[in-house]
Amino acid sequence: MVENIVKYKCMELKDLKKIKLPDTPGVYFFRDARRKVFYINKATSLREQMRNYFNKNLADTHGSLITSLVETAKSVEFIATDSVLEALILEVNLIKKYNPSFNTKKTANKKSNFVIITDEKFPRVLIVRESVIIKKKKGPKILSKFGPFTCSAPIKEVVKIVREIFPFRDNCAPHSGKPCFNCQAGLCPGVCSDEITEKEYKKTIRHIQLFFGGETSKLLKVLNKEMMATAKKLEFKKAERIKKTLFELTHIQDIALTKEDSFTTPASLHIEAYDIAHISGMFVVGVMVVVEKGEVQKSKQRKYKIKGFQGADDTKALHELIIWRFAHSEWQLPQVIVVNGATVQKNIVEQILREKGVKISVISIIKNKNHKLSSILGDQLIKEKYEKQILLANNEAHRFALSFHRKSRGKVKW
């Protein structure tokens, strides 16, 4: 990924204002006067993260270590990624490559975790402490090891997301004759109940290795090639399954990973976001997500199966979802509503609100063909002040809708 590195001599505020840092996830690294990389970090938003280093109260808010970092840095380079999850994986691989001194200082007293893949007939994917790996004398050998990850929470979330895309075995016994709990939940491919061959399972393991190795582009090419090959053999169900995997891989929503690099305390606001999910008009579902004080409120999330019609009409589905939501007068009203789509979707919600006699600001998120943010429609002041919370709500609604849709379809057998 070296060819994607963007370089700037930018360690003064006046320089930062001249360049347009992307408002996307990514990894940035600082170089000192000798051009040596001494610090690497990931960011939910490269633009916002860099601005934080020029805070007037930096020493008071972040201490002498960060102040020393800024004083030492003479230039910054960054690599933009499609998701925070990819940024986290890339950060680990770059730290391993450059061994930056400042990162070593920060993590000197922290315990490291690794994602390991065991060397077995049906390999397991596990999160293991470094101390356990060092002491381990018995058991299966390690086929692959990825890390170190200094914080356990983010890597647990990463493995959870990856498992939803590439179901794998952790602790179930192969050929036990009955499906394990994770198999019933769609998180194990059926190693336990003989639903997958050793050859097919090891193909999945190779996909996971590519992902944790930071080779997402190569992984997408491999999956596309597999999809074309299976379609050529007229194995259309298998090809459709790979197509779904490709879709999920390119629509990763990693909300739980966005909290780490937030420097500011978000203002209090009750935001509700809605999203629709279906495949070619089948199993149409809708969800509602609540964000308060910059945090997703899991206990207030709601899901709904669209009943009023059949087919791929997102506007009709959104209309039914909003009508259903406002039939629940016992639920607290939001101050801002967020929907996916353009003016049409925004108008649908506003029309329902007028009919209900309710005044709530409606924000619409327009995305491009790659499902990346294109623009935001709605009140300018609200957009500027609460953009981060709005996007958090929108992304969480999208993730929740996809998750609910998968469960509604049930586990697909091939």
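No value in this document is a laboratory result; all are computed from the given coordinates. Everything numeric in this text was worked out from a predicted model, so none of it was measured. So basically every Cβ, Gly included, is an ideal-geometry build from the backbone, and we count neighbours across all protein chains shown.
Quick look at the values:
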| quantity | calculated |
| --- | --- |
| Amide H partners (placed H, <5 Å) of Ser144, local residues excluded | Ile117 |
| Residue-wise HN-Hα coupling along segment 158-172, computed from phi with Karplus coefficients 6.51, -1.76, 1.60 (Hz; x: Gly, Pro) | 4, 4, 4, 5, 4, 5, 5, 8, 10, x, 9, 8, 10, 10, 6 |
| Tensor-based shape of segment 113-214 (alpha-carbon gyration tensor, a/c under 1.5 rounded, otherwise prolate or oblate) | prolate |
| Inter-site label distance for Lys203 and Ser64 at 7 Å from Cα along Cβ, in nm | 5.8 |
| Unsatisfied cross-links (Cα-Cα over 22 Å) in the set Lys141/Lys225; Lys203/Lys232; Lys156/Lys218; Lys74/Lys218; Lys202/Lys225 | Lys141/Lys225; Lys156/Lys218; Lys74/Lys218 |
| Gain on full stretching of the segment that runs from Ser329 to Arg47 - 0.36 nm per residue minus C-alpha separation | 97.5 nm |
| Listed peptides 402-409, 370-377, 318-325 by packing density, highest first (mean Cβ within 10 Å) | 318-325, 402-409, 370-377 |
| Spread of Cα-to-Cα distances over 10 Å intervals beginning at zero, given as percent, for segment 265-409 | 12, 45, 37, 6, 0 |
